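Notes follow once the structure below has been shown.
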Amino acid sequence: GEGPHVERQQWSFSGPFGQYDKAQLQRGFKVYREVCAACHSMNYVAFRNLAQEGGPGFSEDEVKALAADYRIEDGPDDFGDMFEREGKPYDHFPAPFPNEKAARAANGGAYPPDLSLIAKARAVKRGFPWFVTDIVTQYQENGPDYLYGLLTGYEEAPEGFEVPVGQYYNTGFISGETLAMAPPLMDELVEYTDGTPMTVDQYARDVSAFLMWAAEPKLEQRKELGLGVMLFLILFASLLYFTKRKIWKDVE
Ligand code: HEM
């Protein structure tokens, strides 16, 4: 089916001029790191990406220190053994489980999906051609809209609804009324030091924005290029128009 009704949210990165809010991406990263990363991998994101242009805006030194907080499995060494070492900026986020089987075993049979691209994977298409969906319906913001709706969608099940064991009722879930993820957020769960409210609502917004960045790290560059291309096309079209007028001015 169509899945849940996904409510539109306000995002700093909406529209043709929208950009990521760096402070929000940093807070969202903190939520991912302290909460979601216990169950979800983010295989395509490396620590160094956090210092890249158009991202959360961490400094190179901050990324070095951050990577060093992680133990990374490496190897085999000269003796064929695996070993652990301190994380480096080029390392990717270590996954919480060695493989899908282990992840399912730890989550009652359900698989917590990798979150690197989830913001794009869960963007609900509305059946228009891509240039309509992208430009007119702002389809790209649909993913974070969905993530926010999911994270804030836990509710008491209605009277008479049997919630299966190990499942949780959620009005935002795309493929059913219940899912195997327990509500991961609670007020005050993650410490914010910049005065931003420490609420489920705010955490959900911040981590959804962060996951949008993870899935679409070049959004700002893409929009800049797009605007340049539009400007060029407008100038070029008017140039052509006046040239045509001049060349054909003596022809009736
Ligand atoms: C599923 C996000 C924390 C376990 C999911 C899905 C998303 C997600 C987007 C996919 C839902 C879908 O299919 O549409 C997050 C975020 C978290 C978080 C942003 C942090 C705020 C956790 C934690 C656990 C967990 C801490 C484990 C204790 C699972 C499991 C599923 C899942 C088992 C699969 C559910 C199913 O298919 O029934 N999560 N998650 N998640 N998550 Fe999380």
Test: residue in region 214-222 that is loosely packed, with under 15 Cβ neighbours inside 10 Å and either of a type in the set (D, E, K, R) or more than 17 Å from residue 15 (Cα to Cα) (or both): yes
Residues of region 181-229 classified as charged (D, E, K, R), part of a loop (DSSP other than H, G, I, E, B) and within 16 Å of the ligand (Cβ to nearest atom), total: 4
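Considering only region 77-104, how many residues are in a helix (DSSP H, G or I) and among the hydrophobic types (A, V, I, L, M, F, W, C)?
2
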Cross-chain or 6+ apart pairs with Cβ under 6 Å, region 196-220 first and in contact (Cβ under 8 Å) with a residue 12 or more places away in the chain and among the aromatic types (Phe, Trp, Tyr), then assigned to a helix (DSSP H, G or I) and more than 11 Å from the ligand (Cβ to nearest atom): 210/25; 210/29; 213/25
Filter result (among the hydrophobic types (A, V, I, L, M, F, W, C) and either surrounded by 19 or more Cβ atoms within 10 Å (Cβ to Cβ) or more than 8 Å from the ligand (Cβ to nearest atom) (or both)) within region 107-120: 115, 117, 118, 119
Answer residue from region 145-161, given it is at pLDDT 95 or above and within 11 Å of the chain's Cα centre (by Cα) and is nearest to the ligand (Cβ to nearest atom) among those: 147
Test for residue 123: is it assigned to a loop (DSSP other than H, G, I, E, B) and either away from the ligand (no atom under 11 Å from the Cβ) or at pLDDT below 95 (or both): yes
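Residue-wise test of (1) polar (S, T, N, Q); (2) loosely packed, with under 15 Cβ neighbours inside 10 Å; (3) assigned to a loop (DSSP other than H, G, I, E, B).
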position	(1), (2), (3)
5	no, yes, yes
8	no, yes, yes
16	no, yes, yes
41	yes, no, yes
55	no, no, yes
64	no, no, no
Which listed residue, of 34, 60, 53, is under 30 Å from residue 177 (Cα atoms), in contact (Cβ under 8 Å) with a residue 24 or more places away in the chain and acidic (Asp, Glu): 34
Criterion: closer than 25 Å to residue 156 by Cβ and not hydrophobic (A, V, I, L, M, F, W, C) - qualifying residue of 243, 199: 199
Top-ranked residue in region 18-31 [being touching a residue at least 40 places away in the same chain (Cβ under 8 Å) and within 13 Å of residue 196 (Cβ to Cβ); ranked as nearest to the ligand (Cβ to nearest atom)]: 31
Members of region 162-175 that are within 11 Å of the ligand (Cβ to nearest atom) and either more than 14 Å from residue 149 (Cα to Cα) or among the hydrophobic types (A, V, I, L, M, F, W, C) (or both): 164, 166, 167, 168, 173, 174
Residue list for region 152-170, filter: in a loop (DSSP other than H, G, I, E, B), surrounded by 15 or more Cβ atoms within 10 Å (Cβ to Cβ) and in contact (Cβ under 8 Å) with a residue 24 or more places away in the chain: 152, 153
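The values are calculated or read from the model by the stated rules, or taken from the named source; none is laboratory data. Since the model is a prediction, treat every value here as computed from it, not as a measurement. Every residue, glycine among them, receives a Cβ derived from its backbone with ideal geometry; neighbour counts consider all protein chains shown.
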